[in-house]
Amino acid sequence: SIKIWDLRKFKSNSPIGHFTYHMGPITSIQWHPTEDVMLAAASEDNQITVWDLALEADEEQKTVGAKANVKEIPPQLLFVHQGQTSIKELRFHPQIPGMITSTAASGLNFFKPSNLS
């Protein structure tokens with residue numbers, strides 16, 4: 001899981017964000033270089049996720065779907081990258097907005113989600 005704290009309020013011992021989407025330990029995490037509310041995380045579950053902490057759940061737009069074995073997708077989750085095994089590192093490209101580089105046992109990936117800038 002990923003927990004985010006506001007260091008100005010750290011004494012409260014309560015994170016401002018807690019995301020339990022990943023099913024394995026987090027292996028790498030990085031804040032977006034220009035968007036201070038966005039971060040990417042890699043995990044041993046062979047997924048890279050991109051999160052926008054400025055988004056919140058809209059209770060009016062929640063719909064009731066199938067209830068059996070359906071994983072709820074957090075509203076802050078913008079993108080999931082799959083297809084690599086044993087992901088060890090990820091980095092946002094410093095000059096190409098939204099591009100992410102990742103290294104894994106299965107190789108090196110460069111990708112740019114269409115919904116990121």
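The values are calculated or read from the model by the stated rules, or taken from the named source; none is laboratory data. Since the structure is predicted, the reported quantities are computational estimates derived from the model, not experimental observations. When we count neighbours, we look across all protein chains shown, and the Cβ atoms used for this are built from the backbone with ideal geometry, even at glycine. Just the protein is used for accessible areas: all its heavy atoms, side chains included, with ligands, DNA and RNA removed. Shrake-Rupley method; radii C 1.70, N 1.55, O 1.52, S 1.80 Å.
For the reader, a short list of remarks on this structure follows.
- Annotation note: Cβ proximity below 9 Å between a residue of region 67-96 that is open to solvent by 100 Å² or more (accessible area, probe 1.4 Å) and a residue that is at pLDDT below 80 and charged (D, E, K, R) (sequence gap 6+ or interchain) occurs for no pair.
- Matching residues, region 97-116, being within 20 Å of Trp31 (Cβ to Cβ) and free of Cβ contacts under 8 Å to residues at least 24 places away in the same chain: Gly98, Met99, Thr101, Thr103, Phe110, Lys112
- Residues of region 48-75 classified as at pLDDT 85 or above and assigned to a loop (DSSP other than H, G, I, E, B), total: 1
- Total residues in region 85-101, condition in contact with a Ser or Thr (Cβ under 7 Å, 6 or more places away or on another chain) and either at pLDDT below 90 or of a type in the set (A, V, I, L, M, F, W, C) (or both): 4
- Each residue in region 71-87 was checked for being more than 16 Å from Phe111 (Cα to Cα) and of a type outside the set (S, T, N, Q), and 6 of them qualify.
- Filtered residue count, region 1-37, keeping only those that are modelled with pLDDT of 90 or more and assigned to a strand (DSSP E or B): 5
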